[in-house]
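See structure below.
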Amino acid sequence: MSDATDVTKELDTTGLNCPMPIIRAKKALKELQPGDILRVTATDPGSVKDFEAFAKQTGNELLDSLTEGDTFIYRLKKG
Amino acid sequence: MELTNIHYVAAIGFALAFVFGAVVNKTNFCTMGAVSDWVNMGLKGRFGAWLLAMGVAVGGAQLLELSGQIDLTESIYRTTTLGLGGLIIGGLMFGVGMTLSGGCGQRTLVRVGSGNLKSLVVFIILGLTAYMTLRGIIGVARIELIEPLSLDLAEQGIEDQGLASTILPWLNIEVTDGLRWAFAGVVSIVLIGIAFSIEELRSNFDNWFSGIVVGAVVVGAWVITGIFGYDDFDPVPLEGLSFVAPTGNSISYLMTYTGSTISFAIAVVFGVIAGSFVYSVISRTFRIETFSQRGDMINHMIGGALMGIGGVLSLGCTIGQGVTGISTLALGSIIATISIMLGCAITMRVQYHRLDERGVLSSLFGGIADIVIPWRKMA
């Protein structure tokens with residue numbers, strides 16, 4: 001579940017297409033400390049695969065990837 | 001209506017493009033995504049898919065040409081005019097545009113098919129600006145400002161802008177059929193080899209499958225227009241797959257239907273949309289997407305215009321030049337494709353720096369430096 005109490009920072013990328021959700025998440029993570037959690041909301045269907053690949057490649061753990069209506073919600077733990 | 005050669009060519013083109021649209025939708029093949037994955041994540045799988053498409057297309061198209069089936073010097077890519085200004089300026093513009101509007105020409109069509117109304121806006125603006133650059137008011141600027149920045153290779157005794165025809169005379173080596181075969185074989189094998197050396201391509205079905213299909217569809221287009229459609233009395237232009245000028249021509253065709261004739265390229269535009277639509281309905285991924293932010297809408301509109309104008313100046317998009325043009329081994333296609341990639345990658349880095357609330361110029365210089373200075377460590 002996306003537990004809001006664990007989240008260090010929220011990032012809203014709703015309405016934006018690839019590559020903006022990834023570029024913004026990359027920027028937001030840079031400003032966090034290891035172990036901090038970034039919660040990203042997006043509406044781009046392509047972001048599901050993008051965030052899976054991003055987490056795998058960058059060593060930031062994708063805690064969960066949820067769909068609520070037309071919105072995709074990701075929680076990334078900075079590695 | 002009496003059916004003629006062009007109707008049969010268009011019908012088969014539609015079917016081929018239908019497969020392309022469905023496969024691209026399923027596999028997420030995307031040239032902008034390919035650059036994004038690499039620049040933003042260090043992942044090369046989708047870039048490998050693009051290289052694989054090039055390699056397959058080069059192999060197939062060159063086999064057709066060197067065995068005497070088609071003459072690629074009849075295509076727009078291998079003429080003796082090397083439009084350096086248009087290829088570089090247009091390519092850079094197209095690269096910027098495809099990043100701002102979330103995907104290149106073919107991706108726009110695929111997204112239109114899957115219900116993305118943002119891409120429908122891009123489609124219309126891209127088509128209109130492409131047409132304006134071909135035949136309208138922007139065409140005046142193209143002729144006055146861009147066309148003079150061209151080289152006439154014929155003046156230097158070069159017969160066409162194919163790699164073998166341009167490189168070998170420069171090395172004082174006579175161009176022979178054997179050397180043409182060698183060039184074609186080496187380029188095709190190297191591209192396919194580089195693609196398969198990328199682990200993320202080998203391990204991902206969608207990546208290698210889409211690369212092979214996109215390359216094969218381009219070869220199929222050469223076969224349809226060059227062999228199947230070959231008719232002395234009712235000729236059709238020799239063309240591969242291309243999406244910028246054809247999008248403009250498609251809009252014109254719809255508006256002047258009763259006085260117009262279908263072409264292979266127009267049928268391809270509609271085929272890609274239809275293939276993507278059917279796949280998205282079957283896979284239950286069809287959904288209406290609209291703009292929700294002012295800035296996003298402005299970006300998409302500017303991006304559409306840059307792709308429309310830039311795509312005509314550079315004689316093609318990431319598929320038109322980046323796979324079809326490359327398959328002819330034209331020097332101009334290599335220049336255009338690299339320009340598109342650079343424009344796209346630099347824009348991504350500019351967008352990244354802009355998030356620091358840096359000024360436009362500072363972000364621009366930072367973005368250019370990130371991409372063109374290989375040893376610079378990117379943030």
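The values are calculated or read from the model by the stated rules, or taken from the named source; none is laboratory data. On a predicted model such as this, the values are computed, not experimentally measured, just so you know. A quick note on method: Cβ atoms are made from the backbone with ideal geometry, for glycine too, and the neighbour counts reach across all protein chains shown.
Annotation: A:Gly15 fulfils all but one of (1) within 23 Å of B:Leu43 (Cβ to Cβ); (2) in a loop (DSSP other than H, G, I, E, B); the unmet one is (1).
Please verify whether B:Ile326 is surrounded by fewer than 24 Cβ atoms within 10 Å (Cβ to Cβ), under 13 Å from the mean Cα position of the chain (by Cα) and closer than 19 Å to B:Gly55 by Cβ, treating the condition exactly as stated. For B:Ile326, the condition - surrounded by fewer than 24 Cβ atoms within 10 Å (Cβ to Cβ), under 13 Å from the mean Cα position of the chain (by Cα) and closer than 19 Å to B:Gly55 by Cβ - is not met. No other residue among A:Arg24, A:Arg39 is out of contact with any helix residue (DSSP H, G or I) (no Cβ under 6 Å at 6 or more places or on another chain), closer than 16 Å to A:Lys77 by Cα and in a helix (DSSP H, G or I) apart from A:Arg24. Among the residues of region B:128-186, the ones that are closer than 30 Å to B:Thr247 by Cα, in a loop (DSSP other than H, G, I, E, B) and either touching a helix residue (DSSP H, G or I) at 6+ places or on another chain (Cβ under 6 Å) or among the hydroxyl-bearing types (Ser, Thr, Tyr) (or both) come to 3 in all. Restricting attention to region A:28-46, and to residues there that are among the small types (Gly, Ala, Ser) and away from chain B (no Cβ under 11 Å), which single residue is farthest from the chain's Cα centre (by Cα)? Step by step, filter region A:28-46, then rank; the result is A:Gly35. Only residues that are farther than 22 Å from B:Thr337 by Cα and among the polar types (S, T, N, Q) were counted in region B:82-130, giving 3. Please go through region B:296-313 and give me each residue that is over 16 Å from A:Asp44 (Cα atoms) and out of contact with any helix residue (DSSP H, G or I) (no Cβ under 7 Å at 6 or more places or on another chain), ordered by number. Residue satisfying the conditions is B:Ile298 alone.
Of the residues B:Arg78, B:Arg107, B:Arg111, only one is of a type in the set (D, E, K, R) and either under 13 Å from the mean Cα position of the chain (by Cα) or surrounded by fewer than 22 Cβ atoms within 10 Å (Cβ to Cβ) (or both); which?
The conditions single out B:Arg107.
Restricting the first member to region B:33-44 and to residues that are more than 8 Å from every other protein chain (Cβ to nearest Cβ) and touching a residue at least 40 places away in the same chain (Cβ under 8 Å), and the second to residues that are of a type in the set (A, V, I, L, M, F, W, C) and in a loop (DSSP other than H, G, I, E, B), the beta-carbon pairs closer than 6 Å and six or more apart or on different chains are B:Lys44/B:Ile198. Checking B:Leu128, B:Leu179, B:Leu171, B:Leu151 one by one, the residue that is surrounded by fewer than 21 Cβ atoms within 10 Å (Cβ to Cβ), of a type outside the set (Lys, Arg), over 30 Å from A:Pro45 (Cβ atoms) and touching a residue at least 24 places away in the same chain (Cβ under 8 Å) is B:Leu151 and no other.
Of all residues in region A:51-62, those being of a type outside the set (Gly, Ala, Ser) and either touching a Cys at 6+ places or on another chain (Cβ under 6 Å) or without any contact (Cβ under 8 Å) to a residue 12 or more places away in the chain (or both) number 2. Of all the residues in region A:1-27, those that are within 14 Å of chain B (Cβ to nearest Cβ) and either crowded, with 21+ Cβ neighbours inside 10 Å or in contact (Cβ under 8 Å) with a residue 40 or more places away in the chain (or both) number 11. Residues of region B:276-285 include at least one that is modelled with pLDDT of 95 or more, touching a Gly at 6+ places or on another chain (Cβ under 6 Å) and closer than 16 Å to B:Phe20 by Cα.
Has region A:64-73 got at least one residue that is at the interface with another protein chain (Cβ under 10 Å from one of its Cβ atoms) and acidic (Asp, Glu)? Looking through region A:64-73, at least one residue is at the interface with another protein chain (Cβ under 10 Å from one of its Cβ atoms) and acidic (Asp, Glu).
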